[in-house]
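J.: Got a structure here, written out as structure tokens. Questions coming.
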Amino acid sequence: MSIDVKYLGLTPYESTWNKMKVFTSKRVHSTQDEIWITEHEAIYTLGLNRKDFKNPLRTDIAILPVDRGGKITYHGRGQLIIYPLIDLERYHLTIRSFVTLIEKSVVSFLSRRDIKANAKIEAPGVYIENKKIASLGLRIKNHASYHGLSMNIDMDLSPFEAIDPCGFKDLQMTQLKTFTNDVSIETIGFEIANDIKYQLLNLK
């Protein structure tokens, strides 16, 4: 069984989230896995970890409580979103090993462009010189994942300054545009999604 990689273009956050939930709830043992590539309009999303939550310092961007792990983050145009809808049991993966696999795809992508990046065990995501370029938040239901990866490509980073991104005070964000002009969300999305797919299929 293969994995279907789909490019959705620019989509509203909430309706895409609802489609992920429907897809996951209707899954059966034989359902083919999918990876969705998209981009969202400006929105703050608040994960299930709401300890010490403080409202954003700006009120012009809507905030939506969602069912993924993690704390608050920001999504907006120019940010790549990858949603892996994957049956973890099929590949004998734990949540942690799946997160590591996704992080590895981002680090490898950056490495191919001579950009040195790393992941941190204590704070999921991918970092360049301690600035965060990619964030991860997953939800697992009946061994199947939804939600996923956001990676800053070519966007306005200022909305991150109104929050503690992913719950970390003073965490600085960065984006791909700082390091390269190669910033096509669709092209990058397919490259990273296909790397995730390749890694998964090699686990079987």
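The values are calculated or read from the model by the stated rules, or taken from the named source; none is laboratory data. In this text, all values refer to a predicted model and were calculated from it rather than measured experimentally. Note that each Cβ is placed from the backbone with ideal geometry, even for glycine, and that neighbours are counted across all protein chains shown.
J.: Here are Glu14, Glu39, Glu103: which of them is in contact with a Lys or Arg (Cβ under 8 Å, 6 or more places away or on another chain) and acidic (Asp, Glu)?
T.: Matching residue, one of Glu14, Glu39, Glu103: Glu39.
J.: Report the residue count in the range 20-49 for those that are hydroxyl-bearing (Ser, Thr, Tyr), closer than 20 Å to Gly76 by Cα and in a helix (DSSP H, G or I).
T.: 0
J.: Within the range 41-69, track down each residue that is in contact with a Gly (Cβ under 6 Å, 6 or more places away or on another chain) and within 15 Å of Phe160 (Cα to Cα).
T.: Ala42
J.: Any chance the range 55-74 includes a residue that's modelled with pLDDT of 95 or more and polar (S, T, N, Q)?
T.: There is no residue in the range 55-74 that is modelled with pLDDT of 95 or more and polar (S, T, N, Q).
J.: Step by step: first the residues of the range 1-48, then only those that are of a type in the set (A, V, I, L, M, F, W, C), surrounded by fewer than 16 Cβ atoms within 10 Å (Cβ to Cβ) and out of contact with any strand residue (DSSP E or B) (no Cβ under 6 Å at 6 or more places or on another chain), then the one that is nearest to Ile63 (Cα to Cα). Which residue is that?
T.: In this case the residue turns out to be Leu48.
J.: Now for a separate question. Return the pairs, sorted by first residue and then second, in which the second residue is surrounded by 18 or more Cβ atoms within 10 Å (Cβ to Cβ), the first residue lies in the range 24-44 and is farther than 30 Å from Ser184 by Cα, the beta carbons are less than 9 Å apart, and the residues are 6+ apart or on different chains.
T.: Pairs that qualify, where the first residue is farther than 30 Å from Ser184 by Cα and the partner is surrounded by 18 or more Cβ atoms within 10 Å (Cβ to Cβ), are Arg27/Leu85; Arg27/Asp87; Arg27/Ala144; His29/Asp87; Thr31/Leu85; Thr31/Asp87; Thr31/Ala144.
J.: Still on this structure, I have one more. Tell me, which residue of the range 3-19 that is part of a strand (DSSP E or B) and among the β-branched types (Val, Ile, Thr) is farthest from Ile37 (Cα to Cα)?
T.: Ile3
J.: Criterion first (closer than 17 Å to Ala134 by Cβ, modelled with pLDDT under 95 and in contact with a helix residue (DSSP H, G or I) (Cβ under 9 Å, 6 or more places away or on another chain)) does Leu203 satisfy it?
T.: So Leu203 does not fit the description; no.
J.: Which strands (runs of 3 or more DSSP E) does the range 61-112 wholly contain that include 2 or more residues that are more than 22 Å from Arg50 (Cα to Cα)?
T.: 79-85
For every residue, the table says whether it meets (1) assigned to a loop (DSSP other than H, G, I, E, B); (2) free of Cβ contacts under 8 Å to residues at least 24 places away in the same chain; (3) buried (at least 21 other Cβ atoms within 10 Å of the Cβ).
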{"position": "Ser145", "(1), (2), (3)": "no, no, yes"}
{"position": "Asp156", "(1), (2), (3)": "yes, no, no"}
{"position": "Pro159", "(1), (2), (3)": "no, no, yes"}
{"position": "Thr187", "(1), (2), (3)": "no, yes, no"}
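J.: Okay, moving on. Considering only the range 173-182, I want to know if a residue exists there that is touching a helix residue (DSSP H, G or I) at 6+ places or on another chain (Cβ under 9 Å) and either under 16 Å from Ile82 (Cβ atoms) or crowded, with 18+ Cβ neighbours inside 10 Å (or both).
T.: Looking through the range 173-182, at least one residue is touching a helix residue (DSSP H, G or I) at 6+ places or on another chain (Cβ under 9 Å) and either under 16 Å from Ile82 (Cβ atoms) or crowded, with 18+ Cβ neighbours inside 10 Å (or both).
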